[in-house]
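> Structure incoming, see below.
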């Protein structure tokens, strides 16, 4: 961590440099496979923002990333690395699925929806708290355990969806549709009710829930006692013990909160769009959350912007499929990998360079407070 | 009875085939992690090199060249990992994850650009790939009871990389326990200060370790696409790198034990394919999906100290910084 | 300040084993070594004493090639030595036993010893090399009285034996100059005696030993010469026979500018803290606290003097509830802390005890936190900071702002990060936090470490004011002057035990120094 650079460089310039590096390498790869990177960028931007309904799709993806990004960020504040967003989201979806399939014949849709929100969070929280418990009390590292829990969750999903929960007479591993009305309002429906015509898109109320969650995380981390202790534990376990807190307890609680946020991603996919439980609805978005958290520097505002960027990448990436023979949406995965590399693993690579440059311009030692 | 015996042997045979990439990657993981560098990028390196091998084999028709390029590509990813984790002291898990995701996207992107087959590479045939090697007299002695089928079904008929994988275990074991390089490598993962104060470069040792890991992952990738398979299919590693990681942990970061774990996980895989839907007394219908989850469940239980005791290298995950 | 130098320039003597001149090394803004000169005679045991942070470890790290000096010259056996890496030092016959052992716990003794020096024996395989090394080591071990089971795992060895392995390792690599950095910190008294026997044997065999320590008893017991370091500088070179522990103690601690603390007799109240036969045993059965007993009365300052590392830190951790005692009891008011009670730091806080920890960077504050956030560390539950879960930054900043005004903390900006404050202001912030909780008992560890003079005076006045208001204060400090200035009574600790409690009237630097050295 550099202390000799002013804050605006530390939280403004350096992250931008890292992302820029990721995009430059992506551009080089696009050029290597024989396309013009700037044309591709243009197509993506149009696909993400300009075309009819594009923005809705972009924000729909953004919703997923806000949830998983927040999940990773909350854990990071306690210096825990939750790679288990995928599994936690699956479990969130499973919770919604089981709840609705069991009760949609008897319980009114509105009530079910109100129940589904906490259920998704609770299921995700449970799937996060167990690795937390295993780290706190049994000493097994949360990174490895959450990886394993992703695969275990995935196996459970396959087992249930290709077995007990599979709709009779169907071949696809998915459940029957939820009862009519059990789903979150779509944005274009709400707008329609108010007499405004908006292009159809899967954007739904989850987006609002995600924004509320982002605000909630901000409150939690910077405006509550619990958040204070989470951050204190993350920075210095010794200081936390001195202040009378149990790091073990904080680890479990933090992992539960983190898992809960990831679990709520299922609201967007399952209750927002699919209206049935399907396989692989998480599509790696749990991992994207890591890129989002790294880019957003674990701050909810940063995470919303990073999510928007990734939402645009995913939606714009889909557009690439149509426009180019040679570029597909997997390109986005590649960019994501590069962003994690540059904003995460190589995050301090540019620091010495920028520091030298800064001091050459401003003069030595002047930047120190 | 004879039928059951044959089925059993075929399962063992399949176990070896499934276990081969796991074994190679587990050995790769052992080199890297015993030097103190967490390597969750086994998956990505294997995927990328599987693609590289299939591409080169499709274009040149030369499997050995393909293997070499696969190794080169995998080592390149290892060097990125090393650059991030050793040189820049970045987070080893983040770096590994980046490589996995990068490989996932890059293979499909390049695959479409090169071959325009939706991310696959062209189907490889005949001597474009490593074919099974039928050992001498396999057919002649097949009918000898008991031993004949073992020789013909289990031992004969594997491609060269299966043998390389088994050899890799022996070599890893010898290098780790019987050479000065192995001694230093193990020391650097347990207590890098001790190595540094003995006048050996920690950085150099760790780079060597990740490069070896790259070589082994490269071979594993080539196995998938040009030996076991006949071409690259998107996401063809399908989590095998993570299973190998689990096997390495389950084997307590030791070559022989990791081999057993790989064989066990491979066996579970081979069995799962054969018992799906089978009705068993007491248990009821067998679910292959749950059997396939067993490696992960067992690893979690192992890590939590409920069976045995996991003893990871003491300095794992921590970048080496000289004390102020 | 005069530097006393003993010349050993007799005709026909061999060149000095080590001759350092003008060695300087800075880390950031810290001058760890400032123009150091040192001459070590061949075949002598030469001690270097100094407080923690005096620069001893940095100096020997430079000698061993772990760091490079910014300036200065090194001569080994009369020849200029260019030591860039550890490997260079080893080649020149310099070996080092580090304070924290550089051994791989999962390796055998033999494996550890040959690590990095396998080639030397010309064996083809590792097994050959190990076999060859075994032979040579057996004779080395016999020659120097360093018997140890070569096939045992290091993790299974006692600390004393591990140290033996470290010494053997350096000898195996051909060391003729052996540096030992705080070798006895982790040893039992018996092991210490054994180590000294080994060192005597080494001296007999012509090995030069450089012994880094802050324990005066050891210097007196084993060394031929001694050099004293303080604040990154060399302050004296002495012949051990011609000096005394109290002289060394004085040189180590130094004389501070006399600070006006306006000390006056205290009005002691009733006993509010009773410590009864407290012991603490560390990892590997090492006794850290040995039967400490004392009473602390309201309105008095009990100073705990001692060279650092003699159990003071552990005493603070046990009293504040961070570490449970092994045996014994602590009574605060009507409540008892014992090995059986599951007392947490929070419980102790609720009994009316506040704690200013010795290590403010690791424990007393969270460096990346703002001053406002650090100003409530450990007191987050105060209702005035927000209701329920809510934890208002305005309340925090207001609270911190008040403290900053009260305690003259500068810059008075509650939103500034802690690591941007000077040492003195950081310390005032921690003190302000703990004192403003109006505790009945206040534990204070090293209140003026890394603190500028102005702030020291302020801190002293505050401590005395606290006392006058009836607070019972336990003051732990390695600064003897500080203890003598502030305390009503002084307890001296040595090797985890109390050497006795002296009243202010009877306390002087001389007698306390002797107690600190463990002589009395």
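Taken together, the values in this text are just the output of simple stated rules run on the coordinates, not laboratory data. A quick note: this is a predicted structure, and the numbers were derived from the prediction, not measured. Heads up, the Cβs are rebuilt from the backbone with ideal geometry, glycines too, and the neighbour counts pull from every protein chain shown.
> Using a Förster distance of 45 Å, how high is the FRET efficiency between residue C:247 and residue C:142, based on the Cβ-Cβ distance and rounded to 0.05?
Values: r = 40 Å, r/R0 = 0.88.
Rounded to the nearest 0.05, the efficiency is 0.70.
> Can I ask one more? Once the Cβ-Cβ distance between residue A:197 and residue A:79 is put in as r, and R0 is 45 Å, what FRET efficiency do you end up with, to the nearest 0.05?
It comes out at approximately 0.40.
> Can I ask one more? Using a 10 Å cut-off on Cβ atoms, rank the peptides A:188-200, C:58-70 from the highest mean neighbour count down.
Ranking the peptides A:188-200, C:58-70 by packing returns C:58-70, A:188-200.
> Moving on. In the protein assembly as shown, what % of DSSP beta bridges are antiparallel (nearest 5)?
60
> Classify the stretch B:201-278: rounded, prolate or oblate, from the alpha-carbon gyration tensor (a ≥ b ≥ c, eigenvalue square roots; a/c under 1.5 rounded; otherwise prolate if a/b is larger than b/c)?
Oblate, because a/c is 1.5 or more while a/b does not exceed b/c.
> Would you report the distance distribution of C-alpha pairs in the protein assembly as shown as whole percents per 20 angstrom bin, up to the bin with the largest distance?
Calculated over all Cα pairs of the protein assembly as shown, the distribution is 10, 34, 35, 18, 3, 0 percent.
> Can you compute the radius of gyration and Dmax for the stretch C:360-438, using only the Cα atoms, both in Å?
In order Rg, Dmax, the Cα atoms of the stretch C:360-438 give 11.4, 34 Å.
> Can I ask one more? Can you tell me the 0 to 90 degree angle between the C-alpha axis of helix B:63-82 and the longest principal axis of chain B, rounded to 10?
30
> Could you work out how far helix C:453-468 tilts from the main Cα principal axis of chain C, as a 0 to 90 degree angle to the nearest 10?
50
> Cα gyration tensor of the stretch B:2-238, axes a ≥ b ≥ c as square roots of the eigenvalues: rounded (a/c below 1.5), prolate (a/b > b/c) or oblate?
Oblate, since a/c reaches 1.5 and b/c is not below a/b.
> Less than 12 Å from a label point 7 Å out along the Cα-to-Cβ axis of residue A:52: which backbone N atoms in the stretch A:186-229 qualify, by residue?
Output list for this probe position: A:198-201.
> Now a separate question. Mean shadow of chain A, computed from the convex hull of its alpha carbons, in nm²?
On the way: hull surface 87.9 nm².
If you wrap the Cα atoms of chain A in a convex hull and average its projections, you get 22.0 nm².
> Order A:202-215, C:451-464 from most to least packed using the mean count of other Cβ atoms within 10 Å.
The peptides rank, most packed first, as A:202-215, C:451-464.
> Tell me, what is the percent relative contact order of chain A, built from C-alpha pairs under 8 Å that lie six or more residues apart?
This gives 35 percent for chain A.
> Only bridges whose two residues both fall in the stretch C:58-210 count here: according to DSSP, what percent of them are antiparallel, nearest 5? Write out the running numbers ahead of the final one.
Details: 3 of 10 bridges.
Rounded to the nearest five, the antiparallel share is 30 percent.
> Work out how much length residue B:321 to residue B:174 would gain on full extension: take 0.36 nm times their residue separation and subtract the Cα-Cα distance, in nm to one decimal.
Taking residue B:321 through residue B:174 to full extension adds about 49.9 nm, to one decimal.
> Is the stretch B:1-102 best put as rounded, prolate or oblate by its Cα gyration tensor, with a ≥ b ≥ c the root eigenvalues, rounded for a/c under 1.5, and otherwise prolate when a/b is larger than b/c, oblate when not?
Judged from the Cα gyration tensor, the stretch B:1-102 comes out oblate (a/c at least 1.5, b/c at or above a/b).
> Calculate the mean, over all residues of peptide B:305-317, of how many other protein chain Cβ atoms lie within 10 angstrom of the residue's Cβ.
2
> Let me ask something else about it. If you restrict to DSSP beta bridges whose two residues both lie in chain C, what percentage is antiparallel, to the nearest 5?
55
> Also, quick follow-up: Enter the mean number of other protein chain beta carbons within 10 Å of the beta carbon of each residue in C:92-99, as an integer. Don't skip to the answer; put the middle values down first.
On the way: counts 0, 0, 0, 1, 1, 1, 4, 0.
Per residue, the number of nearby Cβ atoms from other chains is 1 on average.
> How many Cβ atoms of partner chains, on average, are near each residue of C:293-299 if near means within 10 Å of its Cβ?
0
> If N is the number of residues in the stretch C:229-363, what value comes out of its Cα radius of gyration divided by 2.2 N^0.38 Å?
Working it through for the stretch C:229-363, the quotient is 1.30.
> Related question: So how far apart, in nm, are the two label points at residue B:181 and residue C:27 if each is 7 Å from Cα heading toward Cβ?
3.6
> Do me a favour and compute the ellipsoid semi-axes for chain C from its Cα gyration tensor, root of five times each eigenvalue, largest one first, whole Å.
So the three semi-axes of chain C are 45, 26, 24 Å.
> Can you pull the semi-axes for the stretch A:8-94, root of five times each eigenvalue of the Cα gyration tensor, sorted largest first, whole Å?
Square roots of five times the eigenvalues give 29, 21, 14 Å.
> For chain C, take the longest principal axis of its alpha carbons; what is the angle in degrees between that and the long axis of helix C:189-204, to the nearest 10 within 0 to 90?
30
> Relative contact order for the stretch B:2-238: what percent, with Cα pairs under 8 Å and sequence separation of 6 or more?
RCO, the stretch B:2-238: 39 percent.
> Would you mind putting C:230-241, B:189-200 in packing order, based on average other-beta-carbon counts within 10 Å, highest first? Don't skip to the end; give the middle numbers.
Values: C:230-241: 18.1, B:189-200: 23.5.
Put in order of decreasing packing, that is B:189-200, C:230-241.
> Over chain C, what relative contact order in percent results from Cα pairs under 8 Å that are six or more residues apart?
Relative contact order for chain C comes out at 15 percent.
> So for the stretch C:100-174, Kirkwood radius off the Cα pairs, Stokes-Einstein at 4 °C and 1.567 mPa s: how many µm² s⁻¹?
106
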